[in-house]
């Protein structure tokens, strides 16, 4: 059964696949900011829960390791008791020493194998959990970077469009008040003739 965070990653992938491509582009898409923000917000909320879940798995493996140590100690204790029982029988003292050493050696070897196997298993699970979380966080980071770049590109496109419309409006206003009309008015001012009553 997949976790909720894996489901969210699938939903983000499906959403990105469903987005319309940007006009005249094969690599950029148009993203609904509210929808992608909602998915990322839930992903951020679920990520700590997933980390706790894998930490619990690691803790369980530590419990397995501790149990293995306990069993190993029990084997050694049992071997020691058996050795003492053999030594107490004087008529087979030499045989008791040999058997006791063999039992202790075997118990120690078995205990070490149990501890080694439990350690390997715990390390394997811990490394797998850490790798999974690293891969998942790397994917989330790539989604965020892609979304940020798309938002930046859309913003620059909007600024370019506004500048274009600003230029069009300024041009239209200049056409309403051409410079030639102003110059024509200044040239039509009446001439002033000095001494108009007594022309020479």
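The values are calculated or read from the model by the stated rules, or taken from the named source; none is laboratory data. None of the values given here were measured: they were computed from a predicted structure. Because the Cβ atoms are built from the backbone with ideal geometry, glycine has one as well, and the counts that use them run over all protein chains shown.
Observations, loosely collected:
- Among the numbered conditions (1) part of a helix (DSSP H, G or I); (2) in contact with a helix residue (DSSP H, G or I) (Cβ under 8 Å, 6 or more places away or on another chain), the only one that residue 31 does not meet is (1).
- For residue 18: the one exception among (1) surrounded by 11 or more Cβ atoms within 10 Å (Cβ to Cβ); (2) under 25 Å from the mean Cα position of the chain (by Cα); (3) more than 30 Å from residue 127 (Cα to Cα): (1)
- Failed criterion for residue 22 (all others in (1) touching a helix residue (DSSP H, G or I) at 6+ places or on another chain (Cβ under 7 Å); (2) in contact (Cβ under 8 Å) with a residue 40 or more places away in the chain; (3) farther than 30 Å from residue 101 by Cβ hold): (1)
- Restricting the stretch 1-26 to residues that are in a loop (DSSP other than H, G, I, E, B) and under 23 Å from residue 136 (Cα atoms), the residue that is modelled with the highest pLDDT: 19
- Residue list for the stretch 100-123, filter: over 14 Å from residue 72 (Cβ atoms), touching a helix residue (DSSP H, G or I) at 6+ places or on another chain (Cβ under 9 Å) and loosely packed, with under 15 Cβ neighbours inside 10 Å: 101, 121, 123
- Which numbered condition residue 133 misses (of (1) modelled with pLDDT of 90 or more; (2) in contact with a helix residue (DSSP H, G or I) (Cβ under 9 Å, 6 or more places away or on another chain)): (1)
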